[in-house]
Amino acid sequence: MRAIVSGAARGLGAGVAARLRRDGGAVAGIDVLAAEDGLVADVADEAQAEAAFATAVERLGGLDLLVNCAGIGGPGAPVAETDVAAFRRTLDVNLVGAFVLARAAARTLIAQGEGGAIVNVGSMFGQRGVPFGASYCASKGGLALLTQSLALELAPYGVRVNTVAPGNMATDMHFDELRARADRNGSTFDLEVDAARAEVPLGRHGTPDDVAGAVAWLASGDADYVTGQTIAVNGGVLLT
């Protein structure tokens with residue numbers, strides 16, 4: 001398995017990259033931060049993203065899997081107070097960056113003629129809107145529909161495209177949001193962590209390994225008949 005993982009320097013992306021390596025895969029990461037076997041690039045910059053992708057494919061000797069995991073949380077402000085540049089930046093990283101890499105992957109996988117897989121890491125907030133999250137929700141909702149279009153276009157080439165939609169995950173991004181929520185609510189970080197955990201029927205925050213397991217399955221032969229789907233990894237918070 002030759003895989004490229006964006007956002008591989010930390011959080012969910014790091015967990016996915018580590019799992020694919022444990023499974024025997026050759027992995028190249030793309031991130032704005034340096035990472036193991038990683039290339040430094042901003043996925044929101046088309047030229048940087050395409051150059052990093054091309055270098056990764058050359059290093060790997062081809063491609064079997066792209067995992068679009070790079071993402072940011074966005075401004076976390078009311079729409080009435082959200083700067084257009086901040087809104088656009090969230091879409092550029094979370095949606096446009098995924099599109100650029102998926103486009104490059106599609107071209108490569110079609111040319112190879114051996115099939116393959118693309119997994120986009122979305123969010124349960126791409127399935128439902130929440131206050132103070134318009135930019136993030138819009139970007140992740142768009143990503144889920146991008147997945148469906150790509151799945152239909154690439155199916156004739158044996159390329160499967162799916163979304164994994166995490167819920168309340170134990171990551172820096174999630175905890176930063178809980179800190180902002182505590183400030184808005186006049187609460188404390190610990191109380192907001194407890195409240196977020198209490199929403200989860202399975203009773204805990206998710207981990208990078210939880211998401212990595214779903215990605216590994218979607219990339220495997222066990223999921224050969226699965227494409228265009230959004231796989232919820234949220235502990236039961238949102239039932240789809």
- Over 30 Å, how big is the tail of the calculated P(r) for the chain, in percent of all Cα pairs? 21
- Note on the structure: Rounded to the nearest 500, the 222 nm mean residue ellipticity computed for the chain from DSSP H runs (n ≥ 4, each -39500 (n - 2.57)) alone is -14500 deg cm²/dmol
- Item | Percentage relative contact order, the chain, counting C-alpha pairs under 8 Å, at least six apart | 20
- Query: What residues have an amide H closer than 5 Å to that of Thr230, excluding those fewer than 5 places away on the same chain, when H is modeled at 1.01 Å from N in the peptide plane?
  - Reply: Thr163
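Can you tell me the mean projection area, over all orientations, of the convex hull of the stretch 136-180's alpha carbons? Units nm², please. Walk me through the intermediate numbers first.
Numbers: hull surface 15.3 nm².
Taking the Cα atoms of the stretch 136-180, their convex hull projects to 3.8 nm² on average.
Please give the charge dipole size of the stretch 1-96, origin at the Cα centre, charges +1 on K and R Cβ atoms and -1 on D and E Cβ atoms. Round to the nearest 20 debye. Present the calculation step by step, with values, prior to reporting the outcome.
Details: 8 positive and 13 negative charges, 79 e Å.
Approximately 380 debye in magnitude.
Just need the relative contact order of the stretch 48-110 here, percent rounded to a whole number, with Cα pairs under 8 Å and 6+ apart. Don't skip to the end; give the middle numbers.
Numbers: 37 pairs, mean separation 30.9, N = 63.
It comes to 49 percent, rounded to a whole number.
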- How far, in degrees from 0 to 90, does helix 172-185 lean away from the longest principal axis of the Cα atoms of the chain, to the nearest 10? 20
- Taking Cα pairs under 8 Å and at least six residues apart, what relative contact order does the stretch 92-154 come out at, in percent? 36
- Charge tally in the Cβ shell below 15 Å around Arg204, where Lys, Arg are +1 and Asp, Glu are -1, Arg204 excluded: -3
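All other residues with a Cβ under 14 Å from the Cβ of Arg89 taken together, and with Lys, Arg as +1 and Asp, Glu as -1, what is their net charge? Each step should come with its number before you reach the end.
Values: positive: Arg88; negative: Asp42, Asp45, Asp83, Asp92.
Charge balance in the 14 Å sphere: -3.
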- Task: Can you quote the Å³ per residue value for the convex hull of the Cα atoms in the stretch 19-115, rounded to an integer?
- Result: 111
- Whole-number D in µm² s⁻¹ for the stretch 97-140, Kirkwood Cα-pair radius fed into Stokes-Einstein, 25 °C, 0.890 mPa s: 201
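How big is the Rg/Rh ratio for the stretch 87-214, C-alpha atoms only, Rh by Kirkwood, two decimals? Numbers along the way, then the final one.
Working: Rg = 17.0 Å, Rh = 16.1 Å.
Reported Rg/Rh, Kirkwood definition of Rh: 1.05.
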- Query: If each Cα of the stretch 1-57 is one equal point scatterer, what is log10 of I(q)/I(0) from the Debye formula at q = 0.26 Å⁻¹?
  - Reply: -0.97
- Item | Positive minus negative residues near Asp45 (Lys, Arg vs Asp, Glu; Cβ under 15 Å) | -2
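A short reminder: the numbers here are calculations on the coordinates, not readings from a lab. Since the structure is predicted, the reported quantities are computational estimates derived from the model, not experimental observations. No Cβ is skipped: glycine too gets one built from the backbone with ideal geometry, and neighbour counts run over all protein chains shown.
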